[in-house]
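A.B. asks: I have a structure I would like to understand better, so I am pasting it below and will then ask my questions one at a time.
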């Protein structure tokens with residue numbers, strides 16, 4: 001009879017391998033449970049060095065991603081685990097406005113890979129900003145900073161400054177200036193100092209789009225759509241603010257001047273532009289910024305079952321399937337880039353006007369806690 005060797009017990013694994021190579025690769029949900037194993041494990045998993053190590057592993061891994069789905073007119077957020085999206089999804093209600101006693105709207109205005117920046121809109125009172133970690137259901141309230149008088153538009157960006165172990169919020173606002181010009185005000189909030197700092201107040205001959213509140217941060221650069229003030233020709237570019245250098249840099253031209261009805265997103269850590277071709281109505285394109293613009297996909301919407309779709313992220317372990325959202329519909333689908341075929345992934349509520357953000361798991365726990373309600 002053949003004899004089988006028993007696997008070595010956990011105690012025989014060297015501590016440095018266990019603590020540095022194995023445990024940091026686990027998802028947040030498991031690590032939170034493992035805090036109960038012993039006091040030494042609780043101390044290890046709660047330590048700043050371990051949290052930073054877990055962040056580095058999370059950024060390199062293609063798993064443990066969460067999709068946060070929110071409606072600007074709703075008080076609820078839904079959280080999906082991407083790894084199980086084709087199966088029964090884990091969906092949570094996050095009644096943040098009820099818990100915080102703010103009986104109005106809560107909008108996700110920025111994300112940084114791990115955290116969400118949420119703006120609480122309140123009638124006859126100042127707005128509130130909170131930084132939320134959906135993995136630990138904890139949040140930090142950011143002190144209010146008044147907007148300039150007669151503010152026309154405001155954008156927010158959220159940035160994880162790993163070199164200085166800090167979290168930063170960038171706020172860009174614009175106000176009217178004579179002769180079709182605009183005053184741009186750029187401010188940065190630091191989690192370490194819990195304060196805002198004015199970076200620049202400058203008159204520009206361009207305005208940024210007001211269609212939503214989100215600006216996207218990729219490789220330390222905040223990106224927003226800007227429109228040059230020219231009444232005869234509309235010139236749209238991507239404005240870039242270097243958060244590390246704390247200065248505006250050169251704009252980026254759009255990938256194709258024939259694009260119409262375009263929007264800006266982040267896909268797998270890269271800026272992407274989505275739009276319809278102006279000269280060929282119904283042709284939907286996705287361009288991704290690598291060293292230069294690369295066309296990821298071009299699809300004839302007239303032959304496609306889902307109109308006005310946009311990509312959210314790649315399928316775990318694959319670069320051939322994209323998770324996409326059907327704009328105006330309450331569900332996701334996988335789109336195969338090779339076969340140009342879509343298949344349903346998941347549906348959620350009857351609520352159609354939802355916006356999706358992708359976050360990776362983080363062990364950071366802020367002082368304030370939220371109670372998630374599992375509805376599945």
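Readers should treat all values here as calculations from the given coordinates under stated rules, not as data from a laboratory. Keep in mind the model is a prediction, meaning the values are calculated, not measured. Counting neighbours? That spans all protein chains shown, and the Cβs are built from the backbone with ideal geometry, glycine included.
A.B. asks: At 0.36 nm per residue, and after removing the present C-alpha to C-alpha distance, how many nm does the segment from residue 202 to residue 127 gain when stretched out fully?
C.D. replies: Full-extension gain reported as 24.6 nm.
A.B. asks: A follow-up question, please. Please find the FRET efficiency linking residue 21 to residue 235, where r is the Cβ-Cβ separation and R0 is fixed at 45 Å, and quote it to the nearest 0.05.
C.D. replies: That gives a FRET efficiency of 0.30.
A.B. asks: Continuing with this model, one more query. Exposure proxy check: 44, 20, 222 ranked by fewest other beta carbons within 10 Å?
C.D. replies: Ascending Cβ contact count within 10 Å gives the list 20, 44, 222.
A.B. asks: Then there's this: What full-extension length gain, to one decimal in nm, is calculated for residue 297 and residue 219 as 0.36 nm per residue of separation minus the Cα-Cα distance?
C.D. replies: My answer for the length gained is 25.8 nm.
A.B. asks: Measuring from label point to label point, each 7 Å out along Cα→Cβ, what is the residue 367 to residue 244 span in nm?
C.D. replies: In this crude label model, residue 367 to residue 244 measures out at 3.1 nm.
A.B. asks: While we're on this one: Applying 1/(1 + (r/R0)^6) with R0 = 25 Å to the Cβ-Cβ distance of residue 36 and residue 13, what FRET efficiency is obtained, to the nearest 0.05?
C.D. replies: According to the calculation, E is roughly 0.80.
A.B. asks: When the Debye formula is applied to the Cα atoms of region 105-166, each taken as the same point scatterer, what base-10 log of I(q)/I(0) results at q = 0.15, 0.19, 0.23, 0.27 Å⁻¹?
C.D. replies: Computed log10 I(q)/I(0) values: -0.52, -0.79, -1.07, -1.31.
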